[in-house]
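Asker: This is the structure, below, for whatever I ask next.
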Amino acid sequence: MKTLIKLEILRVLRNRKFMFFSVIYPPVLFLLLTAGQDAHKKLDGLGITVVAYYMVAMCAFGAMTAVLMGNAERISREREKGWVRQLRLTALPGRGYVTAKIASAATISLPSIILVMLVAASVKQVRLDAWQWAGILLCSWAGSFVFAALGVAIGYVATADVARPIAMIAYFVLAALGGLWAPFTLFPGWLQTIADYLPARPYAALGQAIEFGSAPHLKDIAVLAFYLVLFAGGAAWMYRKDTAKA
Amino acid sequence: MVGFNGVSKSFGDVQAVADLTLELHPGETVALLGPNGAGKSTALDLLLGLRMPDTGTVELFGGSPRQAIARGMVGAMLQSGGLMEDVTVREVVQLACDLHPRAHPVDQVLATADLTEIAGRKVNKLSGGQEQRVRFALATAGANELIVLDEPTTGMDVSARQAFWATMRAQAAEGRTVLFATHYLEEADAIADRVLVLHRGRLLADGTAAEIKARAGARRIVFDLEGLEDREDREDRDDPSGETPEAVLNALPHLAGLEISGRTVRIRSTDADATVHAVYAAGLYPRNLEVAGLGLEQAFLAITAEEEAANR
């Protein structure tokens, strides 16, 4: 299982083009969204600056994009090519496959998060304590595992043709409802409540709580943990039970 | 040991495998023959637990296919088995070894599959035959008791094919069961101890290649006959006796088929000894006489045609 994890990570690192665009896209989007923003303008209803809000949102969004899109499409393609069939003829347990896929996705999400933070600090003068930087990095990274698992699950239910559109829809809806593009505080109350129980809002909320100077909320962690288990468990189950289609 | 017990599987209206019951024994090399769509791949999928039967059970070494695989008892080379991309041959074979509970050393696996020289090459840059060898390495990464091969030599050239079967024979000699599906009947004829003929999901024949050929029920007699070439001239002369060589040949006993081209006579006979005796008894003097069994291919065609006719 260790060999598989190592190989999956190596494959991602070797795929330079995919790596480059996945990593470069979130910081670029961050700069676009915050263009012309006053670096010190606070967000209504939240005690943080607009730029800091978007920094965490883009860390989350970038990580989410890379892992969700990358995993879903690659996995459905691997399934079609029959590699997954071949793997199922080994003693590899389902969780081994899912773990390796999450690990490879995490290899992409980490540099993209770091790059957004570097751009935010250097170009947009976001200033935070050292522990806050570390905390946001850790939360954004760990949270991306949830979406990596969702990517595996989508790669498993969808054929290669439709995996990309399904992953797109999933991440657009989740990102929009998670307040990753527009500040969450602009949502009506009922929508905020729904968003609290979807994965993207709690994900961004982890980093934003740290920006406030407090620890992430337990409820957000619990919601994310629930989705991680749901997606990863579902994907592992489908890996083993994939007897319907070759 | 390894067996199907009343296994059926259909996809919609198509009955891919129908009530299949058979057992494989240790050390046996078994060929699974059948035309396209006969259910070979489905049968192998069922055996490997890649698909679940609608009815019946598949048992491998006292457990389910999945259990047998988890214990490292089964290796398989699939026709549709894709390979991991962006990794080297050595890396993917190393992976198979690490995942196998009873693995062989990776260098040994590479050497057996004749991959040592291209171990550093990327998997997605291989020729078809080289890819097949990688799949073969994946199937033999450990001490499997059963090796399942679906059309294993597709894409291999003749020498690679021979080398491949030499390796497979060595595996069988160590007491392993080798089951392979193939299109190449001469392969089944030359390599398998036992041949299974599958047609429309049903097992039509199960025996040695010789038994299968015998079941098709005919032998082939070929010889040259002087005086046949100029038979047209003779017909012009209108031989009053009527005893042309053709008439004599047509009157031979146990005849199942007769074909004359030039001076070469090809006969299919259900009792070759009696037919040949009659040729001499009629005063003919055949040259270059050959008596041979039907090829497995002809036997196979005869058996499946019989079945088609029975269903009509």
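Asker: On the basis of being within 25 Å of the chain's Cα centre (by Cα), at the interface with chain A (Cβ under 9 Å from one of its Cβ atoms) and among the hydrophobic types (A, V, I, L, M, F, W, C), does residue B:78 make the cut?
Answerer: So residue B:78 fits the description; yes.
Asker: Please state which of the following conditions residue A:133 fails to meet, knowing it meets all the rest: (1) more than 14 Å from every other protein chain (Cβ to nearest Cβ); (2) closer than 17 Å to residue A:7 by Cα.
Answerer: Every condition holds for residue A:133 apart from (2).
Asker: Specify which of the listed residues (B:157, B:150) is touching a residue at least 60 places away in the same chain (Cβ under 8 Å) and among the acidic types (Asp, Glu).
Answerer: Exactly one residue qualifies, and that residue is B:150.
Asker: Considering each residue of the range A:1-58, count those that are within 14 Å of chain B (Cβ to nearest Cβ) and closer than 19 Å to residue A:102 by Cβ, and give that number.
Answerer: 17
Asker: Just the residues that are within 11 Å of chain A (Cβ to nearest Cβ), over 29 Å from the mean Cα position of the chain (by Cα) and basic (Lys, Arg), please, taken from the range B:91-146.
Answerer: B:102, B:122, listed by residue number.
Each row is one residue, and each column tells you yes or no for (1) closer than 30 Å to residue B:203 by Cβ; (2) modelled with pLDDT under 85.
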| position | (1), (2) |
| --- | --- |
| B:243 | no, yes |
| B:253 | no, no |
| B:259 | no, no |
| B:264 | no, no |
| B:292 | yes, yes |
| B:299 | yes, yes |
| B:307 | yes, yes |
| B:310 | yes, yes |
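Asker: Inside the range B:21-55, can you point out the residues that are polar (S, T, N, Q), within 12 Å of chain A (Cβ to nearest Cβ) and out of contact with any Lys or Arg (no Cβ under 9 Å at 6 or more places or on another chain)?
Answerer: The one that is polar (S, T, N, Q), within 12 Å of chain A (Cβ to nearest Cβ) and out of contact with any Lys or Arg (no Cβ under 9 Å at 6 or more places or on another chain): B:41.
Asker: Among the listed residues A:39, A:100, A:57, which satisfies the condition of being touching a residue at least 24 places away in the same chain (Cβ under 8 Å) and surrounded by fewer than 17 Cβ atoms within 10 Å (Cβ to Cβ)?
Answerer: A:39
Asker: Only one residue in B:189, B:193 is modelled with pLDDT under 90 and not basic (Lys, Arg). Which one?
Answerer: B:189
Asker: Further, regarding this structure: Residues that are closer than 16 Å to residue A:200 by Cβ: list the helices (runs of 4 or more DSSP H) wholly contained in the range A:1-83 that include at least 2 such residues.
Answerer: The qualifying helices (runs of 4 or more DSSP H) are A:16-33, A:50-81.
Asker: Follow-up. Yes or no: the range A:85-97 includes at least one residue that is within 10 Å of chain B (Cβ to nearest Cβ), of a type in the set (Ser, Thr, Tyr) and within 26 Å of residue B:139 (Cα to Cα).
Answerer: Within the range A:85-97, one or more residues are within 10 Å of chain B (Cβ to nearest Cβ), of a type in the set (Ser, Thr, Tyr) and within 26 Å of residue B:139 (Cα to Cα).
Asker: Can you pull out every residue in the range B:56-75 that is in contact (Cβ under 8 Å) with a residue 60 or more places away in the chain and either under 21 Å from residue B:98 (Cα atoms) or within 10 Å of chain A (Cβ to nearest Cβ) (or both)?
Answerer: B:68, B:72, B:73, B:74, B:75
Asker: Would you mention how many residues in the range A:171-194 are touching a residue at least 12 places away in the same chain (Cβ under 8 Å), under 16 Å from the mean Cα position of the chain (by Cα) and outside any loop (DSSP other than H, G, I, E, B)?
Answerer: Residues flagged as touching a residue at least 12 places away in the same chain (Cβ under 8 Å), under 16 Å from the mean Cα position of the chain (by Cα) and outside any loop (DSSP other than H, G, I, E, B) within the range A:171-194 amount to 4.
Asker: On the basis of being assigned to a strand (DSSP E or B), more than 25 Å from residue B:299 (Cα to Cα), among the β-branched types (Val, Ile, Thr) and at pLDDT 90 or above, does residue B:57 make the cut?
Answerer: Spelling it out, residue B:57 is indeed assigned to a strand (DSSP E or B), more than 25 Å from residue B:299 (Cα to Cα), among the β-branched types (Val, Ile, Thr) and at pLDDT 90 or above.
Asker: Now for a different question. Looking at the range A:66-81, can you tell me whether even one residue there is out of contact with any Cys (no Cβ under 9 Å at 6 or more places or on another chain), within 14 Å of another protein chain (Cβ to nearest Cβ), on the phi < 0 side of the Ramachandran plot and among the hydrophobic types (A, V, I, L, M, F, W, C)?
Answerer: Yes: one or more hits.
Asker: Among A:226, A:212, A:231, which is the only one that is of a type in the set (Phe, Trp, Tyr) and either closer than 25 Å to residue A:42 by Cβ or within 14 Å of another protein chain (Cβ to nearest Cβ) (or both)?
Answerer: From the options A:226, A:212, A:231, the qualifying one is A:212.
Asker: Just need a number here: residues in the range A:175-201 that are modelled with pLDDT of 90 or more and in contact with a Pro (Cβ under 8 Å, 6 or more places away or on another chain).
Answerer: Within the range A:175-201, residues that are modelled with pLDDT of 90 or more and in contact with a Pro (Cβ under 8 Å, 6 or more places away or on another chain) number 1.
Asker: Residues A:167, A:205, A:158: which one is farther than 15 Å from residue A:60 by Cα and surrounded by 24 or more Cβ atoms within 10 Å (Cβ to Cβ)?
Answerer: A:167
Asker: How many residues are farther than 20 Å from residue B:45 by Cα and either of a type in the set (Val, Ile, Thr) or modelled with pLDDT of 90 or more (or both) when one looks only at the range A:77-100?
Answerer: Qualifying residue count, the range A:77-100: 3.
Asker: Still on this structure: Mind counting the residues in the range B:172-182 that are surrounded by 22 or more Cβ atoms within 10 Å (Cβ to Cβ) and either outside any strand (DSSP E or B) or among the small types (Gly, Ala, Ser) (or both)?
Answerer: The number of residues fulfilling the criteria is 1.
The values are calculated or read from the model by the stated rules, or taken from the named source; none is laboratory data. Every value quoted in this text rests on a predicted model; they were computed, and no experiment measured them. Because the Cβ atoms are built from the backbone with ideal geometry, glycine has one as well, and the counts that use them run over all protein chains shown.
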